[in-house]
1. Mind listing just one residue for me: the one in region 185-212 that is within 13 Å of the ligand (Cβ to nearest atom) and either without any contact (Cβ under 8 Å) to a residue 24 or more places away in the chain or under 23 Å from R151 (Cα atoms) (or both) and, of those, surrounded by the most Cβ atoms within 10 Å (Cβ to Cβ)?
2. For region 109-156, which residues satisfy the criterion of being farther than 21 Å from T75 by Cα, in a helix (DSSP H, G or I) and in contact with a helix residue (DSSP H, G or I) (Cβ under 8 Å, 6 or more places away or on another chain)?
3. Give D97, D135 a once-over and let me know the one that is more than 19 Å from V66 (Cβ to Cβ), out of contact with any strand residue (DSSP E or B) (no Cβ under 6 Å at 6 or more places or on another chain) and of a type in the set (D, E).
4. Can you tell me which of V150, V118 is β-branched (V, I, T) and more than 22 Å from V232 (Cα to Cα)?
5. When only residues in region 270-298 that are part of a helix (DSSP H, G or I) and not β-branched (V, I, T) count, which is nearest to E61 (Cα to Cα)?
6. I'd like the full set of residues that are within 16 Å of the ligand (Cβ to nearest atom) and in a loop (DSSP other than H, G, I, E, B), limited to region 213-269.
7. If a residue has to be in contact with a Ser or Thr (Cβ under 7 Å, 6 or more places away or on another chain), closer than 26 Å to E61 by Cβ and modelled with pLDDT under 95 to count, how many in region 197-255 make the cut?
8. Mind listing just one residue for me: the one in region 184-212 that is part of a strand (DSSP E or B) and of a type in the set (K, R) and, of those, farthest from V248 (Cα to Cα)?
Amino acid sequence: MKPLVLGGRNGDYLAVEIASLKGFELGSVEVKKFPDGETYIRVLSDVQGRDVVYVNSLQREPNEAVIETLFTIDTLRDLGARKVVAVIPYMSYARQDSRFNPGEAVSIHILAKLFRTVSVDHIVTVDMHLHRISDPSSLFGANFHNITGVRELGKYLKKHYSLTNAVVIGPDEEAEQWAKVMAEELGGLEYSVLEKTRLTAEKVVVEARGVKVEGKDVVIVDDIISTGGTIVEGVKALRSLGARDFYVAAVHPLLIGDAYSKLMRLGLKELVGTNTVLSPISRVSVAPAIVEVLDKVL
Ligand code: R5P
């Protein structure tokens, strides 16, 4: 029997795309709120003995999405699903991966513990912040596949622009991995990173020491655009060094608050993100990259 694909409230559009790319059956889950705010889940498809792909991003309302996801996965198991593959295009809480200040919760460890309790065979996620997690499979208790959306973003930029006199920039040290992949995808461009200091959740200082961008176009690539502060400060710093046109690509365009309008005012040549979360700039689909993993695990 063909696998069944189910989407949560933040994943139904990707579930449809994945099912159509693979020719899998598309099922449905009913999600409602009780008057007191509790979540009601009902799996409407027959999952007994079947391989099930469940898709849900843990955004926009991360806490709601976490409960919906865990309740659904546990129900799938309870109803006799044979194999459960959880596709979590955006894994929330990943940036709180350490006790940065005394007394803080290490949120991603707690979320991983909750995933362990519902027992998933595979977790497929996209460009998760794994800076301080060396063995996600053990942490989440599932075969863990952290794929990248940067290749798909690179293909998009390559198709639409001629970026020969360009350099790829990651806005902080951690973004070097994405800058490297983007530079490769754009035909072997040079890449470099900026120095970022985060002062608060909303405020960052970005410096571009030793970065050569004078007279060049710049492709900035990052995993997340949240408030947009990192990109705004990065563009300012690079413009002051004589950079020409800017092409900004981010895997997870959360675009919180007025981030979108702040970025639109920068006069960028391109601002593009993937559909791990839906936003006005989610023009690149990660479905083909997800399907590559499904081909191996189903
Ligand atoms: C942080 O390490 C991430 O890679 C992003 O750079 C960050 O989340 C962007 O946040 P914001 O858009 O609020 O500056």
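The values are calculated or read from the model by the stated rules, or taken from the named source; none is laboratory data. Small disclaimer: the values here were computed from a predicted structure and weren't measured. Here the Cβ is made from the backbone with ideal geometry for all residues, glycine too, and neighbour counts use every protein chain on show.
1. L194
2. H109, P136, L139, V150, R151, E152, L153, G154, K155
3. D135 is the lone residue from the list that is more than 19 Å from V66 (Cβ to Cβ), out of contact with any strand residue (DSSP E or B) (no Cβ under 6 Å at 6 or more places or on another chain) and of a type in the set (D, E).
4. That would be V118, the only listed residue that is β-branched (V, I, T) and more than 22 Å from V232 (Cα to Cα).
5. A287
6. S226, T227, G228, L254, L255, I256, G257, D258, R265, L266, L268
7. Taking region 197-255 first, the residues in contact with a Ser or Thr (Cβ under 7 Å, 6 or more places away or on another chain) are 202, 204-206, 211, 222, 251-255.
Retained after the next criterion (residues that are closer than 26 Å to E61 by Cβ): 202, 204, 222, 251-255.
Retained after the next criterion (residues that are modelled with pLDDT under 95): 202, 204.
Number satisfying all stated conditions: 2.
8. Looking at the filtered set, the residue picked out is R198.
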